[in-house]
Amino acid sequence: MIEGYMTVSEAAEKWSINKRTVQIMCADNKIDGVSRFGRSWAIPSDAERPDDKRVKTGIYKDWRKK
């Protein structure tokens, strides 16, 4: 890969998340400085892992059963 950048696989291993999750973060432009080269993503080596905005409190659990 290009010096100063890492691949999706390397970012997934570094941040301990799935490769698909990193791909989605790249597509949604949640990672600063990410670039696309053909079918591959180039993520800066010093990029921070974005915050996970999914609901983890359980507030929406069984909301239809009220």
Set Lys30/Lys61; Lys19/Lys65; Lys30/Lys65, cut-off 32 Å on Cα-Cα distance; pairs above it are Lys19/Lys65; Lys30/Lys65
Normalised Cα Rg of the chain, dividing by 2.2 N^0.38 Å with N its residue count, works out at 1.39
Give the carbon-plus-sulfur fraction of the accessible surface of the chain in %, rounded to a whole number; probe 1.4 Å, heavy atoms of protein chains only. 45
Net charge around Glu3, counting only other residues with Cβ within less than 15 Å of its Cβ (Lys, Arg = +1; Asp, Glu = -1)? -2
Could you compute the FRET efficiency for Ser45 and Lys65, with r as their C-beta to C-beta distance and R0 at 35 Å, rounded to 0.05? 0.15
Reachable aspartates and glutamates, given that their alpha-carbon falls under 12 Å from the alpha-carbon of Lys14 and they are not under 8 places away in the same chain: Asp46, Glu48
With every protein chain left in place, what is the accessible area per residue of the chain in square angstrom, probe 1.4 Å? 85
Using +1 on the beta carbon of Lys and Arg, -1 on that of Asp and Glu, and nothing else charged, what's the dipole of the chain about the Cα centre, debye to 20? 740
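The values are calculated or read from the model by the stated rules, or taken from the named source; none is laboratory data. Since we're looking at a predicted model, the values are computed, not measured. When we count neighbours, we look across all protein chains shown, and the Cβ atoms used for this are built from the backbone with ideal geometry, even at glycine. Please note that ligands, DNA and RNA were not included when accessible areas were found on the heavy atoms of the full protein model with its side chains. Shrake-Rupley method; radii C 1.70, N 1.55, O 1.52, S 1.80 Å.
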